[in-house]
Amino acid sequence: MKNNIYNLFFLLLTFFASTSSFAQKITEIQVNGLDRISRGTFLNYLPLETGDEISQELVDNSLKSLYETKMFSKISVDLKNEILVFNVSENPTIKFLDFNNYKDGAVLDEDVINDLKNNLNLRDGQIFVKDNLDRLTDELRNLYQKNAFYKIEISVNSKVDNQNRIEIDVNLDEGEKALIKKFNISGNNTFSKDDITDQFNIGEPDFFLINYFTEKDNFSEVEYQAGLKNITNLYTSKGFLDIKTNKSKVNFDVKNNEIYVDIIIDEGPQYKLGSIIFNGDLKFFTSEYLRKKIKLEENENFNRKEIIKGINAITDLYRDKGFAYTLLDLDAKASKASSNILDVIINIDPSGLVYVNRIEFRGNNKTQDDVLRREMTINEGQSYSKKELDESVNKIKRLGYFSSVNYEMKRHANNPDKVDLIFDLVESKTGEFSIGVSHSNSTGASLNLSVSQKNILGTGNTLKAALRNSDAVKEKSFYFLDPHFNNLGHSMLQILTHLHTL
């Protein structure tokens with residue numbers, strides 16, 4: 001289609017050249033065929049306007065710009081007496097896109113389908129782009145095959161109605177899911193086959209009664225990749241830092257609809273820990289003191305996880321002393337004693353001492369700021385402390401008023417030694433109302449009403465009121481942690497009593 005259009009341009013431009021029309025200026029732009037798209041929107045996409053001199057480059061760029069919008073299925077252009085005329089056909093809008101004949105939850109469900117439509121711009125009412133539909137079928141096929149539905153078949157039916165809306169049906173024939181037949185392990189000299197297969201939640205089928213519940217032979221790409229990552233973690237914890245599993249593969253037996261998994265391991269050399277050297281500005285800490293934070297001795301198997309854990313502990317030491325932006329740079333190099341012994345060099349940059357400028361709370365629509373501030377271990381004006389900040393977060397969480405407690409630290413551009421602590425809070429329900437009816441031989445019928453609120457009026461105080469009324473017992477009670485709110489407690493009892501009389 002585009003070749004035909006370019007041929008048309010060539011003929012037009014040849015005509016322009018033969019009549020010295022390249023010097024012609026566009027006096028008007030006409031657009032034919034617009035329906036949903038406004039003329040103004042169309043013109044905004046053009047790299048030309050009235051008054052420009054017509055040229056091949058300008059026309060080519062206009063065509064390219066219009067096709068990139070994905071709004072048009074056909075575009076042609078003509079020049080008539082210095083009037084540039086665009087004739088276009090708009091792509092249809094999506095009336096609906098339905099998925100048919102799939103087993104809900106096997107691979108697809110409503111959430112997965114909605115994500116696919118959103119990510120590929122295939123929601124109802126959007127402009128239809130065929131490339132997006134092609135990508136959808138590709139992603140569906142990959143998704144099914146990653147979940148061992150290798151015989152998936154996908155067909156698409158579509159039609160455009162008289163309002164230029166397209167109806168799309170995606171028809172699926174899932175077929176039977178392939179099951180794991182064999183797990184082959186090779187290259188594992190350090191760990192046994194059982195050690196390796198234990199890193200996976202999938203594998204060869206268990207005894208058939210157990211496998212009915214565990215479904216261990218159900219292949220999943222996610223579980224397969226997670227298992228490979230667990231193998232890497234297993235080896236690196238023992239000093240095998242160059243471990244590779246990238247030659248592992250999953251083979252599908254089409255005839256028997258079975259899966260054979262080959263786990264191929266290249267262990268590489270095993271490394272030991274040599275010396276740990278601290279460089280930079282240690283401030284008031286000694287190398288000996290910092291070294292104790294790394295729970296790994298010389299000549300032990302190099303364990304990256306333990307090294308990182310120690311680095312984090314050292315970083316927190318500095319942050320607890322007010323150096324909020326401390327940076328530790330880690331490097332490892334072969335020891336002079338042996339290439340399999342690694343010395344670790346840790347460069348420390350504490351940066352400057354930091355003070356808390358302002359503490360702000362957001363999202364506490366019901367809870368008063370004072371209630372939160374009295375839980376803070378860290379306060380405005382003091383030096384920063386990671387430990388005290390974490391304690392403050394935990395104390396706010398223990399209040400039970402919030403379902404989420406997060407914070408961010410903002411450094412001042414003009415005062416780099418000051419930070420603002422901004423807490424983002426999501427409040428949860430803190431009140432309860434219950435009603436119950438019971439009967440016993442001793443007391444007869446009984447009605448029980450109760451109301452409780454553990455953050456009444458956002459003050460952090462707790463109110464509980466209860467009413468029990470039966471043939472034998474009439475009882476009212478309430479308590480409030482703050483005596484100033486006793487009248488409120490009495491009011492709650494009056495409400496309960498009124499409910500009882502209804």
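The values are calculated or read from the model by the stated rules, or taken from the named source; none is laboratory data. Nothing here was measured: the structure is a model prediction, and the numbers come from that model. Here the Cβ positions follow ideal geometry from the backbone for every residue, glycine too, while neighbour counts run over all protein chains shown.
Looking at this structure, is Ile348 assigned to a helix (DSSP H, G or I) and either modelled with pLDDT of 95 or more or surrounded by 15 or more Cβ atoms within 10 Å (Cβ to Cβ) (or both)?
Numbers: assigned to a helix (DSSP H, G or I): no; either modelled with pLDDT of 95 or more or surrounded by 15 or more Cβ atoms within 10 Å (Cβ to Cβ) (or both): yes.
So Ile348 does not fit the description; no.
Checking Ser275 against (1) of a type in the set (S, T, N, Q); (2) under 30 Å from Asn184 (Cα atoms); (3) part of a strand (DSSP E or B), only one condition comes out false. Which one?
It is condition (2) that Ser275 fails.
When you check Asp60 against the structure, is it touching a Lys or Arg at 6+ places or on another chain (Cβ under 9 Å), more than 12 Å from Glu90 (Cα to Cα), acidic (Asp, Glu) and surrounded by 12 or more Cβ atoms within 10 Å (Cβ to Cβ), yes or no? If you could, list the steps in order and put the result at the bottom.
Numbers: touching a Lys or Arg at 6+ places or on another chain (Cβ under 9 Å): no; more than 12 Å from Glu90 (Cα to Cα): yes; acidic (Asp, Glu): yes; surrounded by 12 or more Cβ atoms within 10 Å (Cβ to Cβ): yes.
No: the conditions fail for Asp60.
Confirm whether Tyr260 is outside any strand (DSSP E or B) and of a type in the set (Ser, Thr, Tyr). Even if it seems obvious, please write down each step before you answer.
Working: outside any strand (DSSP E or B): no; of a type in the set (Ser, Thr, Tyr): yes.
No; evaluated as a whole, the condition is false for this residue.
Specify the residue that is farthest from Thr190 (Cα to Cα); the eligible residues are those in segment 245-257 that are among the β-branched types (Val, Ile, Thr) and either assigned to a loop (DSSP other than H, G, I, E, B) or outside the structural domain of Leu234 (by TED's automatic domain parsing) (or both). Please lay out each step first, then the result.
Step one: of segment 245-257, the residues among the β-branched types (Val, Ile, Thr) are 245, 250, 254.
When the remaining residues are screened for being either assigned to a loop (DSSP other than H, G, I, E, B) or outside the structural domain of Leu234 (by TED's automatic domain parsing) (or both), the result is 245, 254.
On the way: Thr245: 14, Val254: 34 Å.
Here the residue is Val254.
Does segment 210-232 include one or more residues that are on the phi > 0 side of the Ramachandran plot, at pLDDT 95 or above and not assigned by TED's automatic domain parsing to the domain that holds Glu298?
Filtering segment 210-232 down to residues on the phi > 0 side of the Ramachandran plot leaves 215.
Still in the running and at pLDDT 95 or above: none.
Within segment 210-232, not a single residue is on the phi > 0 side of the Ramachandran plot, at pLDDT 95 or above and not assigned by TED's automatic domain parsing to the domain that holds Glu298.
Table: residues versus (1) over 24 Å from Glu221 (Cα atoms); (2) buried (at least 16 other Cβ atoms within 10 Å of the Cβ); (3) outside the structural domain of Phe252 (by TED's automatic domain parsing); (4) among the small types (Gly, Ala, Ser).
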site	(1), (2), (3), (4)
Asn132	yes, yes, yes, no
Phe149	no, yes, yes, no
Arg165	yes, yes, yes, no
Phe183	no, yes, no, no
Ser186	no, no, no, yes
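Tell me whether segment 246-253 contains one or more residues that are more than 32 Å from the chain's Cα centre (by Cα) and within 18 Å of Gln145 (Cα to Cα).
Initially, segment 246-253 is screened for residues more than 32 Å from the chain's Cα centre (by Cα), giving 253.
Going one step further and asking which of them are within 18 Å of Gln145 (Cα to Cα), we end up with 253.
Among the residues of segment 246-253, at least one is more than 32 Å from the chain's Cα centre (by Cα) and within 18 Å of Gln145 (Cα to Cα), which makes the answer yes.
Could you check, for segment 274-289, whether at least one of its residues is within 33 Å of the chain's Cα centre (by Cα), closer than 30 Å to Asn246 by Cβ, crowded, with 17+ Cβ neighbours inside 10 Å and touching a residue at least 12 places away in the same chain (Cβ under 8 Å)? Explain how you work it out, then say what you get.
Step one: filter segment 274-289 for residues within 33 Å of the chain's Cα centre (by Cα), giving none.
Within segment 274-289, not a single residue is within 33 Å of the chain's Cα centre (by Cα), closer than 30 Å to Asn246 by Cβ, crowded, with 17+ Cβ neighbours inside 10 Å and touching a residue at least 12 places away in the same chain (Cβ under 8 Å).
Here is a yes/no grid of residues against (1) over 28 Å from the mean Cα position of the chain (by Cα); (2) assigned to a loop (DSSP other than H, G, I, E, B); (3) under 30 Å from Asp78 (Cα atoms):
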position	(1), (2), (3)
Asp98	no, no, no
Tyr102	no, yes, no
Ala106	no, yes, no
Asn118	no, no, no
Gln145	no, no, no
Val156	yes, no, no
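Tell me which residues, restricted to segment 182-218, are assigned to a helix (DSSP H, G or I) and under 26 Å from Gly239 (Cα atoms). Steps first, please.
Filtering segment 182-218 for residues assigned to a helix (DSSP H, G or I) gives 193-197, 208-214.
Result: Lys193, Asp194, Asp195, Ile196, Thr197.
Restricting to segment 301-310, give me the number of residues that are part of a helix (DSSP H, G or I) and surrounded by 19 or more Cβ atoms within 10 Å (Cβ to Cβ). It would help to see each step written out before you state the result.
Of the residues in segment 301-310, the ones part of a helix (DSSP H, G or I) are 304-310.
Right, trim to surrounded by 19 or more Cβ atoms within 10 Å (Cβ to Cβ) and you get 307, 310.
Adding up the residues that qualify gives 2.
Would you confirm whether or not segment 177-191 contains a residue that is out of contact with any Pro (no Cβ under 9 Å at 6 or more places or on another chain) and free of Cβ contacts under 8 Å to residues at least 40 places away in the same chain? Outline the logic, then answer.
As a first pass, look at segment 177-191 and keep what is out of contact with any Pro (no Cβ under 9 Å at 6 or more places or on another chain): 177-178, 182-191.
Remaining after also requiring free of Cβ contacts under 8 Å to residues at least 40 places away in the same chain: none.
Within segment 177-191 (the criterion being out of contact with any Pro (no Cβ under 9 Å at 6 or more places or on another chain) and free of Cβ contacts under 8 Å to residues at least 40 places away in the same chain), the answer is no, since none of the residues qualifies.
Could you list, in sequence order, the residues of segment 314-345 that are part of a strand (DSSP E or B) and either in the same structural domain as Asp390 (by TED's automatic domain parsing) or touching a Phe, Trp or Tyr at 6+ places or on another chain (Cβ under 6 Å) (or both)?
Here is the first cut: in segment 314-345, the residues part of a strand (DSSP E or B) are 327-334, 341-345.
Leu342 - this is the single residue of segment 314-345 that is part of a strand (DSSP E or B) and either in the same structural domain as Asp390 (by TED's automatic domain parsing) or touching a Phe, Trp or Tyr at 6+ places or on another chain (Cβ under 6 Å) (or both).
I'm told Leu63 meets every condition in (1) in a helix (DSSP H, G or I); (2) closer than 28 Å to Gln163 by Cα; (3) under 35 Å from the mean Cα position of the chain (by Cα) except one. Can you identify the failing condition by its number?
(3)
Filter segment 374-414 down to residues that are surrounded by 14 or more Cβ atoms within 10 Å (Cβ to Cβ) and part of a helix (DSSP H, G or I), then give me how many there are.
Selection size over segment 374-414: 11.
Does Asp195 count as modelled with pLDDT of 95 or more and assigned by TED's automatic domain parsing to the domain that holds Ser158? If you could, list the steps in order and put the result at the bottom.
Numbers: modelled with pLDDT of 95 or more: yes; assigned by TED's automatic domain parsing to the domain that holds Ser158: no.
So Asp195 fails the test.
Just checking, how many residues over segment 167-181 are surrounded by fewer than 16 Cβ atoms within 10 Å (Cβ to Cβ) and part of a strand (DSSP E or B)?
Going through segment 167-181, the residues surrounded by fewer than 16 Cβ atoms within 10 Å (Cβ to Cβ) turn out to be 167, 169, 171, 173, 175-176.
Narrowing the set further to residues that are part of a strand (DSSP E or B) leaves 167, 169, 171, 173.
Of the residues in that region, 4 qualify.
Of all residues in segment 77-88, which are surrounded by fewer than 15 Cβ atoms within 10 Å (Cβ to Cβ) and modelled with pLDDT under 90?
Across segment 77-88, the qualifying residues are Asp78, Lys80, Asn81, Glu82, Ile83.
Are any of the residues in segment 426-439 buried (at least 16 other Cβ atoms within 10 Å of the Cβ), modelled with pLDDT under 85 and over 24 Å from Thr326 (Cβ atoms)?
Just the residues of segment 426-439 that are buried (at least 16 other Cβ atoms within 10 Å of the Cβ), to begin with: 427, 430.
Cutting the leftovers down to modelled with pLDDT under 85 gives us 430.
Okay, now just the ones that are also over 24 Å from Thr326 (Cβ atoms), so 430.
Yes, that holds for at least one residue.
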